[in-house]
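Derivation of every value follows stated rules applied to the coordinates shown; laboratory data play no part. Given the structure is predicted, the values throughout are model-derived calculations rather than measurements. No Cβ is skipped: glycine too gets one built from the backbone with ideal geometry, and neighbour counts run over all protein chains shown.
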Amino acid sequence: MVSRLMPYKNVDVVLDAFRDLPGERLVVIGRGPLGAQLRASASDNVRFFEGLSDAQMRWAHAHCRAVIAPSREDYGLTPVEGFSFGKPCLALRAGGYLDTVVEGVTGWFFDEATAPALRGAVRSLDQQPLDPQQILDHADRFSPESFSNHLRGAVEELMTRGKR
């Protein structure tokens, strides 16, 4: 999980979920005002990191099993960052994640920000692993080249309409 340690980010919900998943490990990358409180409440299968370099972040994404996105975000870049490494996302079914996560292809949704709902998403990933190549293919939709091509196409279409 990569997140600012703020109340609305629901890091506490993720910690609660992993407290009852002792066979799983959780890495939380981020800093914020709830840092000390969250660290104090974390179970033994949770580790916190902050201030990682870009290279360390790439390593973390490359070696994780999945990215967890439990808060409501307007866009939410975290899943897309994980996709670029072929990693699925367990995301709250809300906000911008509805535009970036494809259920059953690039990740699994959970319907509410609660520990039981997140544990259900973890079980979905256990029972139905997702194809890293399909996730990488999906990530290409968010590449700078894809953005540039879509923007060029939209501009060309507008210019063509203007000449009619």
request  = Can you figure out the FRET efficiency of Arg4 with Gln128, using R₀ = 41 Å and their beta-carbon distance, to the nearest 0.05?
outcome  = 0.85
ask   = With charges set only on the Cβ (+1 for Lys and Arg, -1 for Asp and Glu), what does the dipole of the stretch 98-164 come to about its Cα centre, in debye to the nearest 20?
value = 360
note = Per the 1/(1 + (r/R0)^6) rule, R0 = 25 Å and r from the Cβ atoms of Glu112 and Asp137, FRET efficiency to 0.05 is 0.25
remark   = Given [x] 10, 36, 35, 17, 2, 0; [y] 10, 36, 34, 11, 6, 2, 0; [z] 9, 30, 32, 22, 8, 0 as possible values of P(r) over Cα pairs in 10 Å bins from 0, in percent, the one from the coordinates is [y]
remark   = In vacuo Debye sum over C-alpha of the stretch 49-115, base-10 log of normalised intensity I(q)/I(0) at q = 0.11, 0.12, 0.16, 0.27 Å⁻¹, listed in q order, is -0.25, -0.29, -0.51, -1.16
query = Roughly what would the spin-label model give for Met159 and Arg93, points 7 Å off Cα along C-beta, in nm?
reply = 4.3
message = Please list, ordered by chain and number, the residues whose modelled amide H lies under 5 Å from the amide H of Phe110; skip anything fewer than 5 residues away on the same chain.
response = Ala91, Leu92, Arg93
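Fully extended, how many nm does the chain gain between Arg47 and Trp59 (0.36 nm per residue separation, minus their Cα-Cα distance)?
Numbers: separation 12, 0.36 × 12 = 4.32 nm, distance 1.54 nm.
Fully extending the segment from Arg47 to Trp59 adds 2.8 nm.
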message = For a quick check, take a GNM of the chain with Cα springs below 10 Å and name the residue from Arg93, Arg72, Arg58 with the largest mean-square fluctuation.
response = Arg58
request  = Considering only Phe49, Phe85, Phe110, give the residue with the highest GNM mean-square fluctuation for the chain, with springs between Cα atoms whenever their separation is below 10 Å.
outcome  = Phe49
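Report, in debye and to the nearest 20, how large the dipole of the stretch 1-117 comes out about its Cα centre when Lys and Arg carry +1 and Asp and Glu carry -1 on their Cβ. Walk me through the numbers before you get to the answer.
Details: 12 positive and 14 negative charges, 71 e Å.
With Lys and Arg at +1 and Asp and Glu at -1, about 340 debye.
Percent relative contact order of the chain, based on C-alpha pairs within less than 8 angstrom and at least six residues apart?
19
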